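Below is one structure, written out as structure tokens; comments come after it.
The values are calculated or read from the model by the stated rules, or taken from the named source; none is laboratory data. This is a predicted model, so every value here is computed, not measured. Cβ coordinates were reconstructed from backbone atoms using ideal geometry, including for glycine residues, and neighbour counts include every protein chain displayed.
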Amino acid sequence: DTGVSQNPRHKITKRGQNVTFRCDPISEHNRLYWYRQTLGQGPEFLTYFQNEAQLEKSRLLSDRFSAERPKGSFSTLEIQRTEQGDSAMYLCASKDILLHEQFFGPGTRLTVL
Amino acid sequence: AQSVTQPDIHITVSEGASLELRCNYSYGATPYLFWYVQSPGQGLQLLLKYFSGDTLVQGIKGFEAEFKRSQSSFNLRKPSVHWSDAAEYFCAVGGIANAGGTSYGKLTFGQGTILTVHP
């Protein structure tokens with residue numbers, strides 16, 4: 001069990017560019033979650049998958065955001081036409097459907113200039 | 001809708017002193033409650049969780065928390081704080097939706113409490 005991994009750990013981009021983040025969950029965890037954490041705040045739920053199906057999306061997830069989990073393993077989160085307000089830490093978590101504990105990755109810190 | 005309030009943004013204690021971090025939640029059904037700790041540059045680590053049963057739960061690193069349904073609280077405690085406990089602490093609530101609901105297992109976090117430990 002290597003834990004949840006996220007890549008890249010840091011991303012600096014210019015406003016208007018597209019960025020993509022990857023999350024590799026703990027193997028065999030069928031649920032995968034994305035959260036966003038801004039400075040001084042707790043993580044806020046964005047979306048989650050059960051296997052490859054995206055089951056819930058937050059209102060925070062505007063149409064510039066898209067998430068996929070094509071084979072029910074790793075997931076990607078893409079932000080198109082980034083804005084300065086997108087600057088945040090993006091956290092991924094996974095869990096087994098039979099358990100209630102979510103395991104978090106180290107996060108990807110996005111800075112939009 | 002579920003929500004969490006952590007009234008204290010920043011707490012400072014001396015090493016060896018006792019600690020209590022407050023957490024109040026709002027949730028329409030039986031809550032699943034969690035405390036996570038986050039150190040700078042690190043991900044969230046689970047300290048302890050409550051699902052059912054004994055309302056006093058023990059966690060890692062000597063932490064404990066007590067679920068009080070009547071007060072909608074889940075306060076975190078430690079009898080003697082160590083300098084390595086300095087970090088940010090988050091309370092979170094999650095749960096299973098009622099019939100027709102869609103909120104399975106997402107967590108709603110509080111704003112966090114930053115703990116500073118003086119030597």
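Considering only residues of region B:1-17 that are among the polar types (S, T, N, Q) and over 13 Å from B:Ala86 (Cα atoms), which is modelled with the lowest pLDDT? Steps first, please.
Pass one, region B:1-17, residues among the polar types (S, T, N, Q): B:2-3, B:5-6, B:12, B:14.
Next, from what is left, pick out any that are over 13 Å from B:Ala86 (Cα atoms): B:2-3, B:5-6.
Details: B:Gln2: 84, B:Ser3: 90, B:Thr5: 96, B:Gln6: 98.
Per the criteria, the residue is B:Gln2.
Which one is farthest from B:Phe34 (Cα to Cα) among residues in region A:73-109 that are away from chain B (no Cβ under 14 Å) and of a type in the set (D, E, K, R)? So the residue we want is A:Arg81.
Could you check region A:63-79 and list, in sequence order, the residues that are in a loop (DSSP other than H, G, I, E, B) and either charged (D, E, K, R) or under 14 Å from the mean Cα position of the chain (by Cα) (or both)? Full working, then the answer.
If we filter region A:63-79 for residues that are in a loop (DSSP other than H, G, I, E, B), which is where we start, we get A:63-64, A:69-74.
Within region A:63-79, A:Asp63, A:Arg64, A:Arg69, A:Lys71, A:Ser73, A:Phe74 qualify.
Kindly establish whether A:Glu28 is away from chain B (no Cβ under 14 Å), closer than 22 Å to B:Leu46 by Cα and over 13 Å from the mean Cα position of the chain (by Cα). Answer is yes for this residue. Is it true that A:Arg36 is under 14 Å from the mean Cα position of the chain (by Cα), in a strand (DSSP E or B), among the charged types (D, E, K, R) and within 12 Å of chain B (Cβ to nearest Cβ)? Spelling it out, A:Arg36 is indeed under 14 Å from the mean Cα position of the chain (by Cα), in a strand (DSSP E or B), among the charged types (D, E, K, R) and within 12 Å of chain B (Cβ to nearest Cβ).
Residues in region B:31-60 that are in a loop (DSSP other than H, G, I, E, B), surrounded by fewer than 13 Cβ atoms within 10 Å (Cβ to Cβ) and either more than 12 Å from chain A (Cβ to nearest Cβ) or at pLDDT 95 or above (or both): B:Gly53, B:Asp54, B:Thr55.
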